[in-house]
1. Could you go through the range 430-440 and let me know if any residue there is assigned to a loop (DSSP other than H, G, I, E, B), surrounded by 18 or more Cβ atoms within 10 Å (Cβ to Cβ) and hydrophobic (A, V, I, L, M, F, W, C).
2. Taking the criterion of being free of Cβ contacts under 8 Å to residues at least 40 places away in the same chain and assigned to a helix (DSSP H, G or I), would at least one residue in the range 234-255 satisfy it?
3. For the list (1) more than 16 Å from the ligand (Cβ to nearest atom); (2) surrounded by fewer than 16 Cβ atoms within 10 Å (Cβ to Cβ), I need the number of the one condition that Asn85 fails.
4. Looking only at the range 12-29, which residues are among the small types (Gly, Ala, Ser), within 14 Å of the ligand (Cβ to nearest atom) and part of a loop (DSSP other than H, G, I, E, B)?
5. Within the range 328-341, does at least one residue satisfy the condition of being more than 14 Å from the ligand (Cβ to nearest atom) and either surrounded by fewer than 15 Cβ atoms within 10 Å (Cβ to Cβ) or among the small types (Gly, Ala, Ser) (or both)?
6. Checking the condition away from the ligand (no atom under 16 Å from the Cβ), without any contact (Cβ under 8 Å) to a residue 40 or more places away in the chain and not in a loop (DSSP other than H, G, I, E, B), which residue from Ser190, Ser219, Ser210 passes?
7. Could you list, ordered by first residue, the pairs with Cβ atoms under 6 Å in which the first is in the range 106-127 and closer than 20 Å to Glu88 by Cα and touching a residue at least 60 places away in the same chain (Cβ under 8 Å) and the second is among the aromatic types (Phe, Trp, Tyr) and within 8 Å of the ligand (Cβ to nearest atom), at least 6 apart or interchain?
Amino acid sequence: MVKNKNNTTIWGSRIKKDSSALFKKVGNSINIDKKLFKEDISGSVAHVEMLFKQKIISFQIKNKIIYGLKKIENEILKNKFEFKNEYEDIHMNIEKRLFQIIGEEAGYIHTARSRNDQVITDFKMWITSATKEINQRLDDIIKTILRISEKNIKTVMPGFTHLKNAQAVSFAHYLMAYVEMFTRDKKRFSNNLENLSECPLGVAALTGTSFNIDRHFTSKKLGFKKPTNNSIDTVADRDFVLDFLYSTSTCSMHISRIAEELIIWNSDSFNLITLSDKVVTGSSIMPQKKNPDLLEYLRGKTGSIYGNFFSMLTILKGLPISYFKDLQDDKEILFRSNEILKNSISILNEIFKNLKPNKNKMLDLANNGYITATDLADYIVRNHSMSFRKAYNITASIVNFAEKKNKKLSELSIEELKKIEPKLTIEALKVFDVKNSVNSKKSYGGTSFDNIKKMIMKYKKSIK
Ligand code: ARG
């Protein structure tokens, strides 16, 4: 498949027949792995510098190769490089071009390395940058959410469990929950950097090499912390791909949960938020419609991201260690997930910027569904020295009574309350105020205004 100058394959001295047309069609990956060109060139530069330092190649050859590589990098950057399917992948495309530019001395570049170590060195560097870029986007969305939170500390809405009104919360408390989720995502991505920081270059095909190379030198030069320990494991290992795909899956799962929540809140039945025209779409038949398509897009894309994660897990399952062609798919899978996630974070960020809480509707809904019942039970425990279970039962009777009378808890008179629990005084009615209810949750991590304010400050400081 890979032909050298005189138009025979690189392995033509061994394999006498041309590959079948079918294999030629499926065997190449250049359209996917050309994304790795920068990393591939840096890797090659570091490699030949090391070969020279170790007196494996001469000063002249090293310089010639580096000159050729820089030229190739420029050509690619200027869209003047012709990627060829017949050269299979990015490594061979670059090597072939190097022959054209500098001649036979290009043949020294592949001393003491294999594409097996080359590809994962490139890939680890690429994933390291992608990880940092995703974390940057997560920082951006967190900043947006913090800005909205700051403006909505006192915006009261129902907190839901089972999608039924549970207890009143601040809208900002919901938003700050999203900040926690994205902060964990950032940490998850950052944790992957440790495994990514071990440099594969120099393990060659699977055994290491008989040349006196300096793997610590190339590792350092390329920004890794240290070389990997075992050459067979190194060419076989794709855990770092799984780590990335798992992290994208979890982050995307978070996005899908938030998207679903916003879709519900945006529905006509809830009507708790309004999305600006920038982030909705119309219907071809129903003129009144403003649909949250983008949120649905985010929810749906999570499926593709999970699929990619499972593809990779499945490729690796039962695969004997060292290199096999099966592994080549790792890049397509990871590139796809990376692209989807990056877009998804930016789209959700845009949606947050174009979202308005319907504060009156939120407050209105928070005053429904006997949402302050737990506050009354807590009040009874505190003021009438009763166990929580007893207070719970009294409150349940009060809720039943209100339901029968078709009244809200706040519409009950003290006389009505006293009929059920004579110890109750007028003071008790205060607990039915939803703002008081929200603000009373002062336990660490609770929804009180002060807690939220402090959390926002903390995140603002840490993120900058
Ligand atoms: N393009 C190949 C890949 O990504 C590079 C490694 C090829 N090695 C081999 N022994 N065929 O997997």
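The values are calculated or read from the model by the stated rules, or taken from the named source; none is laboratory data. A quick note: this is a predicted structure, and the numbers were derived from the prediction, not measured. All Cβ positions, even for glycine, are placed from backbone atoms using ideal geometry, and neighbour counts span all protein chains on display.
1. no
2. Here is the first cut: in the range 234-255, the residues free of Cβ contacts under 8 Å to residues at least 40 places away in the same chain are none.
No, the conditions are met nowhere in the range 234-255.
3. (1)
4. Ser19, Ser29
5. yes
6. When all the criteria are applied, what remains is Ser219.
7. Asn116/Tyr323
So that you can scan it fast, the table gives a plain yes or no per residue for (1) of a type in the set (Gly, Ala, Ser); (2) touching a strand residue (DSSP E or B) at 6+ places or on another chain (Cβ under 6 Å); (3) more than 28 Å from Asp239 (Cβ to Cβ); (4) assigned to a helix (DSSP H, G or I):
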| site | (1), (2), (3), (4) |
| --- | --- |
| Leu98 | no, no, yes, yes |
| Asn116 | no, no, no, yes |
| Met125 | no, no, no, yes |
| Phe160 | no, yes, yes, no |
